[in-house]
Amino acid sequence: MENYQYPLDLNWSTEEMILVVNFWADLEKVYEQGMDRQAFLNSYQSFKSVVKSIGEERKLGREFEELSGYSLYHAVKHAKASQAKKIKM
């Protein structure tokens, strides 16, 4: 894994930043190791409780993909479509 910073909004509270950072870490985990599908979707819902607008989600997702190569959109789409207990990209 390369060293890079997660995309964050400095206007978020500490609790909100923790939720978003945890989601970015879970997104990495889906790509690198695989993860329980429901746990990933729960993490995504926590992320969405902070990042409510689709525009902001897309912006942050693009920034994260440019830094890491991991697509938020494709991982969430795969998790929602899959029936498997564990998902891996």
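The values are calculated or read from the model by the stated rules, or taken from the named source; none is laboratory data. All values reported here derive from a predicted model rather than from experimental measurement. Cβ coordinates were reconstructed from backbone atoms using ideal geometry, including for glycine residues, and neighbour counts include every protein chain displayed.
Of the residues that make up the range 70-83, is at least one under 18 Å from ASP9 (Cα atoms) and either touching a Pro at 6+ places or on another chain (Cβ under 7 Å) or among the charged types (D, E, K, R) (or both)?
Residues of the range 70-83 under 18 Å from ASP9 (Cα atoms): 72.
With either touching a Pro at 6+ places or on another chain (Cβ under 7 Å) or among the charged types (D, E, K, R) (or both) added as a condition, the list becomes none.
No - not one qualifying residue is present in the range 70-83.
Assess whether TYR6 counts as being of a type outside the set (A, V, I, L, M, F, W, C), surrounded by 12 or more Cβ atoms within 10 Å (Cβ to Cβ), out of contact with any Asp or Glu (no Cβ under 8 Å at 6 or more places or on another chain) and modelled with pLDDT under 95. So TYR6 fits the description; yes.
Residue-by-condition table, conditions (1) of a type outside the set (Lys, Arg); (2) assigned to a loop (DSSP other than H, G, I, E, B); (3) in contact with a strand residue (DSSP E or B) (Cβ under 8 Å, 6 or more places away or on another chain):
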site: PHE47; (1), (2), (3): yes, no, no
site: LYS52; (1), (2), (3): no, yes, no
site: GLY55; (1), (2), (3): yes, no, no
site: PHE64; (1), (2), (3): yes, no, no
site: LEU67; (1), (2), (3): yes, no, no
site: TYR73; (1), (2), (3): yes, no, no
site: VAL76; (1), (2), (3): yes, no, no
site: ALA79; (1), (2), (3): yes, no, yes
site: GLN83; (1), (2), (3): yes, yes, no
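Go through LEU67, LEU19, LEU60 for me and flag whichever is in contact (Cβ under 8 Å) with a residue 60 or more places away in the chain and either out of contact with any Ser or Thr (no Cβ under 7 Å at 6 or more places or on another chain) or surrounded by 16 or more Cβ atoms within 10 Å (Cβ to Cβ) (or both). Quick ask: steps written out before the conclusion?
Values: LEU19 fails: in contact (Cβ under 8 Å) with a residue 60 or more places away in the chain; LEU60 fails: in contact (Cβ under 8 Å) with a residue 60 or more places away in the chain.
Checking each option against the conditions leaves just LEU67.
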